[in-house]
Amino acid sequence: MYDLFFGQYTAMFTIPAIVGSVFFLLRMGMLLMGGDDAFDADTGDLGDMGDLDVDASPEGEPLDDGGTDHAFKIISVQSIGAFLMGAGWAGLGAYRGSGMSLEASIGIALLGGVVMIWLFLWLMKAVYDLQSSGNVSIRQAIGLEAEVYVRVPGQRSGSGRVRVVMDDRMRMYTAVTDGDTLERGTKIRINTLNADNTVTVAKA
């Protein structure tokens, strides 16, 4: 068994295969379970939100706060793990399983690594599309009743935050009002969407 995986020339395939597999599977498990912060929402300074689903912008799209660069770094590192895993197992299978020459096995290993990177990127796109499908446009909230979460100053002298339930999920948006100041907990109605991506609300 030792010679099968660590005999002459086989270690050059086995070691990358094991290292890449462990790293890749651990990181993928963390990502799929939400353990990585690459797709975390920006909750600003609103305090403890608990498990609320907080949109980063009124349109339900995440704000560009440098997360793109962070996600790119994660994908780049993860791609290395995917390549090592694919190349290692493909090369080992070709060299030991099929009895190919060392040169041919190295070629198969490189091809296996490229295929694994392609599969990884495809999986990441599927995960991202699944996450993005949960975004809801603020326009769907127009006319709905909501509640003030952060005090909304009167006469458009400032902005606050309101929370509304849509599709059984709590969402938050920046709000202004033309009337009197709306204190936290006040029941309001979302009336219009403004050009600056705030919503205008009024007491319900």
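The values are calculated or read from the model by the stated rules, or taken from the named source; none is laboratory data. It should be emphasised that the depicted structure is a prediction, and the values quoted were computed from it without experimental measurement. Note that we place each Cβ from the backbone using ideal geometry, even for glycine, and neighbour counts take in every protein chain shown.
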On the given criteria, is Val136 farther than 18 Å from Asn194 by Cα and modelled with pLDDT under 95?
no
Assess whether Met170 counts as being under 23 Å from the mean Cα position of the chain (by Cα), of a type in the set (A, V, I, L, M) and either outside any helix (DSSP H, G or I) or surrounded by fewer than 19 Cβ atoms within 10 Å (Cβ to Cβ) (or both).
yes
Counting only residues that are among the hydrophobic types (A, V, I, L, M, F, W, C) and under 28 Å from the mean Cα position of the chain (by Cα), which one in segment 149-163 is surrounded by the fewest Cβ atoms within 10 Å (Cβ to Cβ)?
Val150
